[in-house]
Amino acid sequence: MTTTETTGTLVHVDPTTIVLDTNVRTDARLDKGFVASIRENGVMQPVVGYRAEDETVHVLQGQRRTLAAVEAGRESIPVYLANNPDDAGRIVTQMIENDQRTGFTDAERADGYEQLSLLGMTAGQIARRTHSTKQTVEHGLTARQSDTAREHLAAGLTIEQAAAIAEFDEDDDAVSTLLDATKRGAFEHSLSRLRQSRDSARAVAAEIERLTNEGTTVLDETPWGYYYDGRGAAAPLRALGVDDAEHTTCPGHAVTVTARWNGDVSVEALCTDWKGNGHENTSAVAGNSGPMDDDEKAERRRIIAGNKDWRAATDVRRDWLRAFTQRKSAPKDAPAVLARLLATASSRVTDGMNDRKSITADILGEEWRTAAPTTTARATIYAATIALAGIEVTYADVHTWRNITTTDRDYLRILTGWGYTPCDLEQQMLNDEE
């Protein structure tokens, strides 16, 4: 073979002499049928490559065909000679070409993103060159930074799931929870709950640090006994009728710091020994006659856990609603559903039309009133979303799961029928109906 070819020349090359540069595909997937076809018919579509300075031919597109030709024992294959690309161009070309043929795994795609990143490309540049979303690229790069995430990405997790694993890389319990959730189809809900718990814990820790630095005594946990009058050593200042500022000099002054169900941090001031410090507990807390028994404590824990699950599900549900607004076609039963909601839940639907608590703007975008669609399908999605948003604003209330209404349950059935995956608590409500 001579070296007089020019770019654009079709040459025939012994496949065993072709150089396979590092490819982002980790498995060429040479099934027996494909190799047999190459053995019998040869390579029908030319491989794309380039000739290097040392006269060797390198593959740009067609690694799989080249390997199959080697395995099939073909003496030569057609190669279309292209320009010698830079490394970034080679990787991008391989990613696009492979994806168009047999498809990348998410592990291979993330590996490609990482290679491009190491060559100095930003996430935005990688997204544009590989026709990916910037968020997907960022998730892929995040996943590649974690040994645990890489392991599970290779085992079949999506890029988004692997990125979440990387987010909780140092929390074995959280990783186990997420892996278990993937098997149950509850990944998004578990991830939302874990994120909220983590954020709440960080907020509580920051508040404890601030108070401790100020010299305030912070108890590790809330004493159960202070919830009733006259029997516990500790009592909240609200039960003693004592102002917080006035009590700071008392030797029993302390606070507890807890995370509320909605994520806010609650600081409760109390006296650790109200009797010994001369306070009068004349304002008993809620008239309890004694400490909570085990059943009452268990019920309290159940409610706290349920509230947290409900709040986590709200974030997942809102994300689902935002994605729903981007659909190009409406569910077939959308007109009938919209008519039913207008007839049976008009006051709730009005909440969406009035943008109560900015719910509709949150889901459809700030310009929703001036962004009415022009096609019938999009208009149906638009109208249905406004109605759903109106019901969502009340459905999201933390008390809903303990006092669910017919409209709430209908709303949940609509969402699940259109593709939303309910959390375990929501699924239980649907099961209870049956």
Checking ALA389 against (1) over 25 Å from the mean Cα position of the chain (by Cα); (2) among the small types (Gly, Ala, Ser); (3) buried (at least 20 other Cβ atoms within 10 Å of the Cβ), the condition it does not meet: (1)
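Report yes if ALA377 is among the small types (Gly, Ala, Ser), closer than 16 Å to ALA336 by Cα and in a helix (DSSP H, G or I), otherwise no.
Working: among the small types (Gly, Ala, Ser): yes; closer than 16 Å to ALA336 by Cα: yes; in a helix (DSSP H, G or I): yes.
Yes: the conditions hold for ALA377.
Regarding THR416, is this residue out of contact with any Ser or Thr (no Cβ under 9 Å at 6 or more places or on another chain), polar (S, T, N, Q), open to solvent by less than 70 Å² (accessible area, probe 1.4 Å) and under 30 Å from ASP180 (Cα atoms)?
Answer is yes for this residue.
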If you go through segment 405-418 one residue at a time, do you hit one that is outside any helix (DSSP H, G or I), in contact (Cβ under 8 Å) with a residue 12 or more places away in the chain and over 26 Å from ARG260 (Cα atoms)? yes
For the structure I just gave you, tell me whether ASN431 is within 26 Å of THR182 (Cβ to Cβ) and loosely packed, with under 14 Cβ neighbours inside 10 Å. yes
Please give the number of the condition ASP397 fails out of (1) in a loop (DSSP other than H, G, I, E, B); (2) charged (D, E, K, R); (3) modelled with pLDDT of 95 or more. (3)
Does any residue of segment 305-321 turn out to be of a type in the set (Phe, Trp, Tyr), closer than 23 Å to PRO422 by Cβ and open to solvent by 20 Å² or more (accessible area, probe 1.4 Å)? yes
Residues within segment 290-339 that are out of contact with any Ser or Thr (no Cβ under 8 Å at 6 or more places or on another chain), closer than 24 Å to THR375 by Cα and assigned to a loop (DSSP other than H, G, I, E, B), tallied: 7
Do we find that ALA233 is at pLDDT below 85, among the aliphatic types (A, V, I, L, M) and open to solvent by 20 Å² or more (accessible area, probe 1.4 Å) in this structure? yes
The one condition in (1) in contact with a Gly (Cβ under 7 Å, 6 or more places away or on another chain); (2) open to solvent by less than 50 Å² (accessible area, probe 1.4 Å); (3) modelled with pLDDT of 95 or more that ASP410 fails to fulfil: (1)
Quick check: is even one residue across segment 198-221 crowded, with 19+ Cβ neighbours inside 10 Å and within 30 Å of TYR420 (Cβ to Cβ)? yes
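In this structure, does ALA181 turn out to be modelled with pLDDT under 95, surrounded by 13 or more Cβ atoms within 10 Å (Cβ to Cβ) and in contact with a Cys (Cβ under 9 Å, 6 or more places away or on another chain)?
Values: modelled with pLDDT under 95: yes; surrounded by 13 or more Cβ atoms within 10 Å (Cβ to Cβ): yes; in contact with a Cys (Cβ under 9 Å, 6 or more places away or on another chain): no.
It is false that ALA181 is modelled with pLDDT under 95, surrounded by 13 or more Cβ atoms within 10 Å (Cβ to Cβ) and in contact with a Cys (Cβ under 9 Å, 6 or more places away or on another chain).
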Residue count, segment 392-404, condition surrounded by 20 or more Cβ atoms within 10 Å (Cβ to Cβ) and free of Cβ contacts under 8 Å to residues at least 24 places away in the same chain, comes to 1
Name the pairs: first residue in segment 303-328 and under 13 Å from HIS399 (Cα atoms), second residue open to solvent by 60 Å² or more (accessible area, probe 1.4 Å) and part of a helix (DSSP H, G or I), Cβ to Cβ under 8 Å, at least 6 apart or on different chains? ILE303/ARG402; GLY306/ARG402; LYS308/ARG193; ASP309/ARG193; ASP309/ASP424
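The values are calculated or read from the model by the stated rules, or taken from the named source; none is laboratory data. Note that the structure is predicted; figures quoted are calculated from it, not measured. Methodologically, a virtual Cβ is constructed for each residue, glycine included, from the backbone with ideal geometry; neighbour enumeration extends over all protein chains shown. Ligands, DNA and RNA are stripped out before the accessible areas are found, and what is left, the full protein with its side chains, is counted by its heavy atoms. Shrake-Rupley method; radii C 1.70, N 1.55, O 1.52, S 1.80 Å.
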